[in-house]
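The block underneath contains the structure these notes are about, expressed in structure tokens.
Read-outs: derived from the displayed coordinates by stated rules, not from any lab. The structure displayed is predicted, hence computed values, not measured ones. No Cβ is skipped: glycine too gets one built from the backbone with ideal geometry, and neighbour counts run over all protein chains shown.
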Amino acid sequence: MSRVALVTGGSRGIGAAISKALKDAGYQVAATYAGNDEKAAAFTSETGIKTYKWDVANYEACQAGIAQIEADLGPVEILVNNAGITRDAPFHKMTPQQWHECIDTNLNGVFNMTHNVWGGMRERKFGRIVTISSINGQKGQFAQANYAATKAGDIGFTKSLAQEGARAGITVNIVAPGYINTEMMSTIPEKVMNEVILPQIPVGRLGEASEIARAVCFLVSDDAGFVTGSTLSANGGQYMT
């Protein structure tokens, strides 16, 4: 039986590309989503990938949702923490609500999901966890103190957990995308794109969601068994560490 892969926020954008790539690679894939029932249904109709609705910021919802997926498909052996939100504002205008919403989804959500698969992975002596961070968690970004803090936190979480999981056959890694050609980027004015954003990227273009998906596919594969605690930066050379 093929391994079960769970992708949070897996029915849209980068998450959808990851879900599709994992399915094409032979995994049984389950994708979560938070709110858009219509798009989730269309995604399932198009791909055959089952979708499950819950808020990753809610620990009990994660616990119940993962239990349902394991009842439907089998033990979750691969977890891709992709779900994330932005609540951008300059810090002097940022509200506590904007701060906490970002923390709850992007950082606490990673804990909630990972904590609920960790025990099973340890028992089976195998697991692959990949969290989607961001270039802005590496270098920071104006008006994203909340978002950058969560994405930097995901990296620290990953480095720590990789040490705990290593002897149990669990690898824990990060993919940190730069500017990716998604629906969100399409709202940026052409002038801003051509004169501000693209000149920052040495390869001269946006990344594609499929490129992030291929990075994830490598990290969850058996071939990546010696890679753990790593951050794979996929940003076209915009920020190098």
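A few points about this structure:
- Odd one out for GLY178, checked against (1) buried (at least 16 other Cβ atoms within 10 Å of the Cβ); (2) in contact with a Lys or Arg (Cβ under 9 Å, 6 or more places away or on another chain); (3) closer than 29 Å to ASP104 by Cβ: (2)
- Test for LYS151: is it of a type outside the set (Gly, Ala, Ser) and surrounded by fewer than 21 Cβ atoms within 10 Å (Cβ to Cβ): no
- Filtering the range 208-240 to residues that are small (Gly, Ala, Ser), over 14 Å from the mean Cα position of the chain (by Cα) and either surrounded by 15 or more Cβ atoms within 10 Å (Cβ to Cβ) or on the phi < 0 side of the Ramachandran plot (or both) leaves SER221, ALA224, GLY225, GLY229, SER230, GLY236.
- Condition check for ARG128: in contact (Cβ under 8 Å) with a residue 40 or more places away in the chain, closer than 23 Å to LEU219 by Cα and basic (Lys, Arg): yes
- Screening VAL192 on (1) aliphatic (A, V, I, L, M); (2) exposed (fewer than 12 other Cβ atoms within 10 Å of the Cβ); (3) in contact (Cβ under 8 Å) with a residue 60 or more places away in the chain shows it passes everything except condition (3).
- Conditions (1) without any contact (Cβ under 8 Å) to a residue 60 or more places away in the chain; (2) under 17 Å from ARG128 (Cα atoms); (3) in contact with a helix residue (DSSP H, G or I) (Cβ under 9 Å, 6 or more places away or on another chain): number failed by SER2: (3)
- Of all residues in the range 37-81, those that are touching a residue at least 24 places away in the same chain (Cβ under 8 Å), assigned to a loop (DSSP other than H, G, I, E, B) and within 15 Å of VAL117 (Cβ to Cβ) total 3.
- The residue of the range 19-36 that is farthest from PRO177 (Cα to Cα), among those that are touching a Ser or Thr at 6+ places or on another chain (Cβ under 9 Å) and in a helix (DSSP H, G or I), is LYS23.
- Scanning the range 5-26 for residues that are touching a residue at least 24 places away in the same chain (Cβ under 8 Å), surrounded by fewer than 24 Cβ atoms within 10 Å (Cβ to Cβ) and not basic (Lys, Arg) returns GLY13, ALA17, ALA21, ALA25, GLY26.
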